[in-house]
């Protein structure tokens, strides 16, 4: 015997053990034979994505010329929450939510 997943499994199964496993497998397969439960399954996911996706572009500069100035991106770019709900056939619904959360504490907040 060896321990697997917290249970002792015999190395050599008897014919009764093999028959019981086959019967249990057939029962599980036929239990939901006509039920298409995956068609009713809906999952969702959320992710923060950048609101402004400006990319710095490369420039061709001739010899002796100076390149155009390109501003650096903001240190803290705006983000939105992308929420997507999926079904078996693909996305069912999606939305972008903009949260304006202030990280500055109020005067009356905190322990006294």
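The values are calculated or read from the model by the stated rules, or taken from the named source; none is laboratory data. Computed from a prediction, not measured in an experiment: that's the story for all the values here. Please note: Cβ atoms are built from the backbone with ideal geometry, for glycine as well, and neighbour counts cover all protein chains shown.
This table checks each residue for (1) loosely packed, with under 10 Cβ neighbours inside 10 Å; (2) within 16 Å of residue 42 (Cα to Cα).
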site	(1), (2)
57	yes, no
62	yes, no
65	yes, no
72	yes, no
75	yes, no
86	no, yes
91	yes, yes
96	no, no
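Among the residues of region 17-44, which ones are modelled with pLDDT under 90, closer than 30 Å to residue 95 by Cα and not in a loop (DSSP other than H, G, I, E, B)?
37, 38, 39, 40 - these are the residues of region 17-44 that are modelled with pLDDT under 90, closer than 30 Å to residue 95 by Cα and not in a loop (DSSP other than H, G, I, E, B).
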